[in-house]
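Chemist: Quick one: this structure, given as structure tokens, is what I'll be asking you about.
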Amino acid sequence: MGLIIILFFITTIFLNYFNLVKTDLNISKKILSKVDITEPKFTINNESKKIYITAKEGSFLNEDEILLKDNVRFNSNDFRIETEMVIFNRNKQTAKSKAKSKFISDNTIISSDGFNIYDNGEKIIFHGSANIILK
């Protein structure tokens, strides 16, 4: 009779332990998102300046392109661009966005529905509805 009670308690302890492990694994899966890079940092280099790129998350689309999401920032000595989603091409040194964006420099603010940075950061085209404020 005592042996049956001991086996019952040991079985109960093992079942509770395995349920805790299973619960911990499920919580870990929920916490981890489908992000390849956390807080990625890149640079677009050209002869006259560097543009530093940061974001909260990054996901590889292919060998060269990375989708940057959440609090994406482009910073150089001349300007800053803020947006929430960008496709950055590491090989071509380009960036394009179809998300609301804000370009800020000393005397200019441009709000647009997206942008395209190309020619190693020398040229920026703003897309969609754009508002320009000159100071």
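Taken together, the values in this text are just the output of simple stated rules run on the coordinates, not laboratory data. Everything quoted here is computed from the prediction, not taken from an experiment. Cβ sites come from the backbone with ideal geometry, for glycine too, and all protein chains shown count toward neighbours.
Chemist: How far apart, in nm, are two points set 7 Å out from the Cα along the Cα-to-Cβ line at residue 92 and at residue 79?
Modeler: Placing both labels 7 Å along Cα→Cβ, they lie 1.9 nm apart.
Chemist: How long is the range 44-87 along each principal axis, judged by its Cα atoms, biggest number first, in Å?
Modeler: So the three principal-axis extents are 29, 22, 11 Å.
Chemist: Per residue of the range 82-98, what does 6.51 cos²θ - 1.76 cosθ + 1.60 with θ = phi - 60° give for ³J(HN,Hα)? Whole Hz please, x for Gly and Pro, Karplus curve as stated.
Modeler: Along the range 82-98, the couplings run 10, 7, 10, 8, 9, 9, 9, 9, 5, 6, 7, 6, 10, 8, 9, 9, 10 Hz.
Chemist: Shifting gears a bit: So what are the ³J(HN,Hα) numbers for the range 60-76, from phi and the Karplus equation (6.51, -1.76, 1.60; θ = phi - 60°), rounded to whole Hz, Gly and Pro as x?
Modeler: 6, 8, 7, 4, 9, 9, 10, 8, 9, 9, 6, 6, 7, 10, 10, 10, 9
Chemist: Taking only C-alpha pairs under 8 Å that are 6+ residues apart, what is the relative contact order of the range 37-134 in percent?
Modeler: Working: 251 pairs, mean separation 18.4, N = 98.
Relative CO of the range 37-134 lands at 19 percent.
Chemist: Now, a different point. Show me 127-134, 86-93, 46-53 ranked by packing, highest mean number of other Cβ atoms within 10 Å first.
Modeler: Sorting 127-134, 86-93, 46-53 by mean packing, highest first, produces 86-93, 46-53, 127-134.
Chemist: Another question about this same structure. Quick one: in the range 37-134, what % of C-alpha pairs are over 23 Å apart? Kindly include the intermediate steps, with their values, before the conclusion.
Modeler: On the way: 806 of 4753 pairs.
Tail fraction, whole percent: 17.
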